[in-house]
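Visitor: Dropping the structure in here first, questions after.
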Amino acid sequence: MAEITAPGAVSPSAVPRPGWARFADSDLWWSFRRSPVTVVAASVACVIIGAALLAPLIAPHDPYDLASVSLLDATDPPAWLPGGNWSYLLGTDNQGRDVLSTIFYGTRVSLLVGCSAVLLSMLLGVTLGLIAGWRGGIADTMIMRVADVQLSFPAILIALLIDGVAHSLLPREVQTRITLYVLIAAIALSYWVHFARTVRGSAMVERSKEYIQAARVIGVRPARIVIGHLLPNVIGPVLVIATINLATAILTEATLSFLGVGLPPTEPSLGTLIRVGNDYLLSGDWWISVFPGTVLALLILSVNLLGDWLRDAFNPKLR
């Protein structure tokens, strides 16, 4: 029997549902729940990111507190090995810092560099991609030719070039203070091309559709069309590229720091920890580089798996 609603009453189906309830019934959440690999990858990523964000609260020691660091405790093995100390569960590095604590703080720095670089490259790439796809003509030609030239070089070489030029132009007393910002800018300028090319292609497809033509006919300003209509329709591929580029940016930071042109050894990041530990591998102090390298590999693998899932989830042909 059909349910009769009293006059003036609101039907239960017409009551707005909370955002979390709508998300729980969405295809995106269903796709996430039915993929065990994605669930495991998301759990690993959440644990690593959560440990990094809560580093000041859960880290056994503060690697930035020089008063608590002693060279007498340098290169102590993990606690379960002979000569280990349970105060340093994963051992200590060459400066006497607790490896577990430096991993927490180092992951925090690596995530800061990676997220900031991806946001900056996404802002630059999406802006240039929208301009190229909407305007066309000489603007499109110039932007795409610059992108083609940059794609002919590996991203790590572009980052090395930008980092080297910045350090050669800046005074020595300023270089130490802005090393982090130079590293973020160098990585961001290496990966904006992926966003620009994807957004340009999507914008060129969308601008010829009827709703864009209708907006033009009724006199909507071009800037409002680009921001209000084009941008929401290209945001799906952008999120997928951002997720994949996050792992690449973290790996690039680790590579630059390992090569000695990234963060200094006094700034614990996963790359600097691996570089410091690499000098002690032959002497048997394997824990200095193995544990940070394992965390870096797990973080990059989990983020890449999440990016692959997002790519499939936003592709209706794969549903």
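Visitor: Asp148 label point, 7 Å along Cα→Cβ, cut-off 15 Å on backbone N: hits in the range 179-202?
Guide: It comes to 197, nothing else.
Visitor: At 0.36 nm per residue, minus the direct Cα-Cα distance, what do Val40 and Leu54 gain on full extension? Give it in nm, one decimal, please.
Guide: Length gained between Val40 and Leu54: 2.9 nm.
Visitor: About the Cα centre of the chain, what is the dipole size in debye to 20, counting +1 per Lys and Arg Cβ and -1 per Asp and Glu Cβ, all else neutral?
Guide: Details: 21 positive and 21 negative charges, 333 e Å.
That gives a dipole near 1600 debye.
Visitor: While we're on this one: Subtract the Cα-Cα distance of Leu301 and Ala214 from 0.36 nm times their separation in residues, and report this length gain in nm to one decimal.
Guide: Going from the current span to full extension adds 26.9 nm.
Visitor: Just add up the charged neighbours of Gly84: K/R +1, D/E -1, any other residue whose Cβ is under 13 Å from the Cβ of Gly84.
Guide: -4
Visitor: Sorting Ile138, Ile187, Ile48 by accessible area (1.4 Å probe), largest first, what list results? Before the final figure, lay out each step's value.
Guide: On the way: Ile138 130, Ile187 0, Ile48 25 Å².
Ranking Ile138, Ile187, Ile48 by accessible area, largest first, yields Ile138, Ile48, Ile187.
Visitor: At 1.4 Å probe size, what's the solvent-accessible area of Val47? Round to the nearest 10 Å².
Guide: Using a 1.4 Å probe on the heavy atoms, I get roughly 100 Å².
Visitor: May I pose another question? How much accessible area does Arg108 have with a 1.4 Å probe, in Å² rounded to the nearest 10?
Guide: 90
Visitor: Also, I was wondering about something else. Can you give the charge dipole size of the range 112-243 about its Cα centre, rounded to the nearest 20 debye, using +1 on the beta carbon of Lys and Arg and -1 on the beta carbon of Asp and Glu?
Guide: 360
Visitor: Could you tell me the ratio Rg/Rh of the chain? Both radii from Cα atoms, Rh via Kirkwood. Display every interim value, and only then the final one.
Guide: Values: Rg = 24.7 Å, Rh = 22.7 Å.
In the chain, Rg relative to Rh is 1.09.
Visitor: By accessible area of protein heavy atoms, probe 1.4 Å, what ranking do Glu253, Glu206, Glu267 get, highest first?
Guide: Details: Glu253 0, Glu206 25, Glu267 70 Å².
These residues rank, largest area first, as Glu267, Glu206, Glu253.
Visitor: For the chain, what is the calculated [θ] at 222 nm in deg cm²/dmol (nearest 500), taking -39500 (n - 2.57) for each run of four or more DSSP H residues and dividing by its residue count?
Guide: When only DSSP H runs of four or more count, the value is -21500 deg cm²/dmol.
Visitor: Using the heavy atoms of the protein chains and a 1.4 angstrom probe, tell me the accessible area per residue for the range 198-261 in square angstrom.
Guide: For the range 198-261, the per-residue accessible area is 51 Å².
Visitor: Work from the charge dipole of the range 52-199 (Cβ charges, +1 for Lys and Arg, -1 for Asp and Glu, about the Cα centre) and give the residue of Ile58, Ser110, Leu160 farthest towards its positive end.
Guide: Of Ile58, Ser110, Leu160, it is Leu160.
Visitor: Keeping every protein chain in place, order Tyr105, Tyr280 by accessible area at 1.4 Å, biggest value first, i.e. largest first. Show your work: numbers first, answer last.
Guide: On the way: Tyr105 25, Tyr280 70 Å².
Ranked list, largest accessible area first: Tyr280, Tyr105.
Visitor: Looking at the chain as a GNM with Cα springs under 10 Å, which of Ala214, Ala41, Ala155 has the largest mean-square fluctuation?
Guide: Fluctuation is largest for Ala214.
Visitor: Just to be sure I understand the rule: take each whole DSSP H helix in the chain, project its Cα atoms onto its long axis, keep it if the span is 18 Å or more and its mean Kyte-Doolittle hydropathy is at least 0.0. Which ones pass?
Guide: Sorted by number, the helices that extend far enough and score high enough are 36-53, 99-135, 137-151, 155-169, 179-206, 231-259, 287-313.
Visitor: How long is the range 204-256 along each principal axis, judged by its Cα atoms, biggest number first, in Å?
Guide: Principal extents (largest minus smallest coordinate, Cα): 52, 17, 13 Å.
Visitor: Which residue, chosen from Cys46, Val220, Asn233, occupies the Cα position most advanced towards the positive end of the dipole of the chain, where the dipole is computed from +1 (Lys, Arg) and -1 (Asp, Glu) charges on Cβ about the Cα centre?
Guide: Going by the Cα projections, it comes out as Val220.
Visitor: Still on this structure, I have one more. For Trp287, what accessible surface area do you get with a 1.4 Å probe? Give it in Å², rounded to 10.
Guide: 10
Visitor: To continue, here is another question. Using a Gaussian network for the chain with springs between C-alpha atoms less than 10 Å apart, which of these wobbles most: Leu71, Leu130, Leu160?
Guide: Taking springs between Cα atoms under 10 Å, the residue moving most is Leu71.
Visitor: With all protein chains present, how much of the accessible area of the chain (probe radius 1.4 Å) comes from carbon and sulfur, to the nearest whole percent?
Guide: So the carbon and sulfur contribution to the accessible surface is 67 percent.
Visitor: While we're on this one: If you add up the charges near Gly136, with Lys and Arg at +1 and Asp and Glu at -1, over every other residue whose beta carbon is less than 15 angstrom from its beta carbon, what do you get?
Guide: Neighbour charge sum, excluding Gly136 itself: +4.
Visitor: Additional query: Out of residues 5 or more away from Thr92 or on other chains, whose amide H comes under 5 Å of its own, with H placed 1.01 Å from N in the peptide plane?
Guide: It is Thr75, Asp76, Val99, by chain and number.
Visitor: Continuing with the same structure: Given the options Pro292, Pro171, Pro237, state which has the largest fluctuation in a GNM of the chain using a 10 Å cut-off (strictly under) for Cα springs.
Guide: Pro171
The values are calculated or read from the model by the stated rules, or taken from the named source; none is laboratory data. What you are looking at is a predicted structure, and each value in this text was computed from that prediction instead of being measured. Methodologically, a virtual Cβ is constructed for each residue, glycine included, from the backbone with ideal geometry; neighbour enumeration extends over all protein chains shown. Each accessible area value is taken on the protein alone, full model and side chains, heavy atoms only, with ligands, DNA and RNA left out. Shrake-Rupley method; radii C 1.70, N 1.55, O 1.52, S 1.80 Å.
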